[in-house]
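Bear in mind these aren't lab numbers, they're just calculated from the coordinates by the rules spelled out. Remember, predicted model here, so these are calculated numbers, not experimental data.
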Amino acid sequence: VQLQASGGGLVQVGGSLRLSCAASGRPLSTYYMGWFRQAPGAEREFVAAISWHGDFTYYSDSAKGRFTISRDNAENTLYLQMTSLKAEDTAVYYCAAEYSFTGKVRSAPEYDYWGQGTLVTVSS
């Protein structure tokens, strides 16, 4: 599967953005999907994940209550709606697909395919 993330940009503190991740190749419904982010000088960290049909969602503590992960398998697209953005949310955001589900949805090495990343900059 090929993943293409988009929707990043510059937003003020308290603002909102919706990231998209378009998949091509194998149907998106065959993958557990996740969003990760990486700030300058920091390690890649888990943001959110979603099960094959959206029945289960998982969030990092920092994302819980502010971000919503969703998917549209018919459109082969993954989303991350981000609200109440903070300066510390500034990072490159990556979508990722896990084909062989291991249950370790928060672990980046478990994901098999990655998008190229989209930059989110939150200014104060």
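Points worth noting:
- Gyration tensor (Cα) of segment 3-89, equivalent ellipsoid semi-axes in angstrom: 22, 13, 13
- Using a cutoff of 8 angstrom between alpha carbon atoms and counting only pairs six or more residues apart, the relative contact order for the chain works out to 36 percent.
- Amide H partners (placed H, <5 Å) of VAL47, local residues excluded: TRP35, PHE36, ARG37
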